[in-house]
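What follows is a short report on a single structure.
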Amino acid sequence: MAQRVINFNPGPSALPLAVLEQAKSEMLDFQGTGMSLLETSHRSKPFEAVLDSAIQRTRRLLGLDESYQVLFIQGGASMQFAMVPMNLAEGKPVDYVNTGTWATKAIKEARICGNETRVVATSEDAQFTYIPEKIDFNADAAYLHITSNNTIRGTQWRNFPDAGAVPLVCDMSSDIFSRRFDPRPFGLIYAGAQKNAGPAGVTMVIIREDLLKRVPKELPTMFKYTTYSDNRSLYNTPPCFSIYICELVLKWIEETVGGLDRMEKINEEKAALLYNYIDSQDFYRGTARPDSRSRMNVTFLLPEAELEKEFLATAVEAGLVGLKGHRSVGGLRASIYNATTIESVKTLVDFMKQFAKR
Ligand SMILES: *Cc1c(COP(=O)(O)O)cnc(C)c1O
């Protein structure tokens, strides 16, 4: 087998080995079709079965009732920053919580779309190292937008805010399928697949029916959620291969891991291994406030920034890659999404101990 490294990349990121192996085994002949899925029509029975299965698995894993639709859209989470206000604002003010880089970008797009955009809470005062508790809810908002996991700063909502009748809209790009949550307060959830759900090229959008009624008729076809919901994401050619890999990842969570509760337990255990070690010594220092720490992206600093290069180079020699912090904030970051095993995290902690000793 190929020599594989331990991959802590923030996104695109590690995929379960079993998923890669299945994709490899089906590459030349997808389920007896005599061709690769890459070469198969998106209107063929084999692909439609993949798409249906991805939708059903998403429904089961997240416990979505019939009022939700699962859509697959291109353009990344970044395109959702604009599609959300274009489709859902209905000319009303829109509310955002600013918890970091991605939230800031979402706010910028809402403003470009011409909506009155209110930042109802922010943690900018402390470099986005925490999740704000006090949110100035407005009952007249079209929606309240939050970012469930802040990939760059390493913070994560533990409990989602209760905005009453105002639907929550959430960017879950970096923690969807990592834990159980109650979907009912959410009017729309979106997630670029390339962190925790599959490869780049597809974004999952989960939307509640009452929000589909808001979609303005005059929007260009490809920017309307209804184009995707009315055509089962098959209005035009979808990113078939990306959806196929997502389906395999979801199957892995359901059938190999044993569901979302089990997945969440494993993720808690992985994060605890790292944070407990960081808290037990004073060479490394965590950057997120403890009550806001992410279980997906663990951000930390060395005693001196000059040591970072050496840390990263030594890590690569030990087969540990992707530990550099985001270019905008520096420091180090271990992204420990679903596909990262407990063993891999233990190896990282051992490496950190040895590096600190040296
Ligand atoms: C990576 C990321 C994005 C950007 O995703 P693209 O698919 O590259 O547009 C947006 N939000 C969050 C939380 C992310 O982690």
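Where a number appears in this text, it was derived from the coordinates with a stated rule and is not lab data. Treat the numbers as computed from the prediction; the structure is a model and nothing was measured. Cβ placement follows ideal geometry from the backbone for every residue including glycine, while neighbour counts extend to all protein chains displayed.
Here are the numbers:
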{"read-out": "Inter-probe distance in nm under a simple model that places probes 7 Å from Cα toward Cβ, at ILE112 and SER41", "value": "3.7"}
{"read-out": "Rg/Rh ratio calculated on Cα atoms of the chain (Kirkwood radius)", "value": "0.97"}
{"read-out": "GluC sites (Glu not before Pro) within region 45-99: DSSP coil, no more than 11 neighbouring Cβ in 10 Å", "value": "GLU66"}
{"read-out": "Sparsely packed trypsin sites (Lys or Arg not before Pro) within region 208-295, loop by DSSP, other Cβ within 10 Å at most 14", "value": "LYS213, LYS217"}
{"read-out": "Largest-first principal axis extents, alpha carbons of region 314-358, Å", "value": "29, 27, 15"}
{"read-out": "Top positive-direction residue, dipole computed over the chain with Cβ charges, set TYR228, LEU64, TYR130", "value": "TYR130"}
{"read-out": "Nonlocal amide H pairs with SER335, under 5 Å, H built at 1.01 Å", "value": "VAL298"}
{"read-out": "Diffusion coefficient, µm² s⁻¹, Stokes-Einstein with Kirkwood Rh over alpha-carbon pairs of region 259-357 at 20 °C and 1.002 mPa s", "value": "156"}
{"read-out": "Cross-link table LYS270/LYS353; LYS265/LYS324; LYS24/LYS346; LYS195/LYS224, entries beyond 20 Å C-alpha to C-alpha", "value": "LYS265/LYS324; LYS24/LYS346; LYS195/LYS224"}
{"read-out": "Contour excess over end-to-end distance, with Cα ends at ASP210 and SER280 and 0.36 nm allotted per residue", "value": "20.3 nm"}
{"read-out": "J(HN,Hα) series, region 66-80, from Karplus relation 6.51 cos²θ - 1.76 cosθ + 1.60, nearest Hz, glycine and proline x", "value": "5, 6, 9, 10, 10, 10, 10, 10, 8, x, x, 4, 4, 6, 5"}
{"read-out": "From phi via Karplus (6.51, -1.76, 1.60), per-residue ³J(HN,Hα) for region 150-162 in Hz, x at Gly/Pro", "value": "9, 3, 7, 8, x, 10, 8, 5, 7, 10, 7, x, 9"}
{"read-out": "Of all DSSP beta bridges in the chain, antiparallel share, percent nearest 5", "value": "55"}
{"read-out": "Förster radius 35 Å - calculated FRET efficiency between LYS346 and ARG289 (Cβ-Cβ, nearest 0.05)", "value": "0.85"}
{"read-out": "Share of pairwise Cα separations in region 183-245, more than 20 Å, in percent", "value": "33"}
{"read-out": "Unit charges on C-beta of K, R, D, E only; dipole of the chain, Debye", "value": "280"}
{"read-out": "Summed side-chain charge close to ARG4 - residues other than ARG4 whose Cβ falls under 15 Å, Lys, Arg +1, Asp, Glu -1", "value": "-1"}
{"read-out": "In Hz, Karplus ³J(HN,Hα) per residue of region 138-143 (6.51, -1.76, 1.60; θ = phi - 60°; x = Gly, Pro)", "value": "10, 6, 8, 6, 5, 6"}
{"read-out": "Charge context of VAL84, other residues only, Cβ under 14 angstrom, K/R +1, D/E -1", "value": "+3"}
{"read-out": "Restricting region 253-358 to GluC sites (Glu not before Pro) in coil, as DSSP defines it, with at most 10 other Cβ within 10 Å", "value": "GLU304, GLU306"}
{"read-out": "Sum of side-chain charges, THR99 neighbourhood, beta-carbon under 11 Å (Lys, Arg +1; Asp, Glu -1)", "value": "-1"}
